[in-house]
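The values are calculated or read from the model by the stated rules, or taken from the named source; none is laboratory data. All values derive from a computational prediction rather than experimental measurement. Cβ placement follows ideal geometry from the backbone for every residue including glycine, while neighbour counts extend to all protein chains displayed.
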Amino acid sequence: MLDIIAMVLLTMYNGRIAQKKGLNGGTWRLYTVVAWVVGEIIGTLVALLFFTPSDFINPKVSLKVSLLVIPFAFAGFHFVNYLLEKRTNESTNHS
């Protein structure tokens with residue numbers, strides 16, 4: 001549940017940065033959500049290297065998997081944020 005709240009807040013953050021740079025905020029929000037989900041999928045695949053799918057039912061293992069998956073999701077956010085920060089302001093390039 002907390003990861004969904006974090007995703008929403010970080011998506012809004014990237015959208016505001018995009019709008020300040022004169023870019024389409026909705027597009028960059030979508031990129032952030034996609035990168036977040038892809039990060040979670042990659043994190044889950046990495047977790048499968050350490051645990052079997054039947055272990056995921058165990059609450060202790062489930063917590064360990066969550067602690068492994070969340071950094072991958074944040075990496076997806078940071079990747080999109082890096083691409084966004086690297087972009088120049090579109091509004092200043094139209095002179």
> Within the stretch 47-55, can one find any residue that is surrounded by 16 or more Cβ atoms within 10 Å (Cβ to Cβ), closer than 22 Å to ASP3 by Cβ and of a type in the set (Asp, Glu)?
Replying inline: no
>> If I ask for residues that are of a type outside the set (Val, Ile, Thr) and surrounded by 14 or more Cβ atoms within 10 Å (Cβ to Cβ), which ones from the stretch 25-45 would you list?
In response: GLY25, TRP28, ARG29, LEU30, TYR31, ALA35, TRP36, GLY39, GLU40, GLY43
>> Give all pairs with beta carbons closer than 7 Å in which a residue from the stretch 63-86 that is more than 16 Å from ILE4 (Cβ to Cβ) meets a residue that is among the hydroxyl-bearing types (Ser, Thr, Tyr) and surrounded by 16 or more Cβ atoms within 10 Å (Cβ to Cβ); count only pairs at least 6 apart in sequence or on separate chains.
In response: VAL80/TYR31; VAL80/THR32
> Name the pairs whose Cβ atoms lie under 6 Å apart, with the first residue in the stretch 17-34 and modelled with pLDDT under 95, the second buried (at least 17 other Cβ atoms within 10 Å of the Cβ) and β-branched (Val, Ile, Thr), and 6 or more positions between them or separate chains?
Replying inline: none
> Checking GLY22 against (1) in a helix (DSSP H, G or I); (2) surrounded by 13 or more Cβ atoms within 10 Å (Cβ to Cβ), which test does it fail?
Replying inline: (1)
> TYR82 is checked against (1) under 17 Å from ARG29 (Cα atoms); (2) more than 14 Å from the chain's Cα centre (by Cα); (3) of a type outside the set (A, V, I, L, M, F, W, C) and fails just one. What number does that condition carry?
Replying inline: (2)
> Residues of the stretch 62-95 being modelled with pLDDT under 85 and either surrounded by 15 or more Cβ atoms within 10 Å (Cβ to Cβ) or outside any helix (DSSP H, G or I) (or both), which ones?
Replying inline: THR88, ASN89, GLU90, SER91, THR92, ASN93, HIS94, SER95
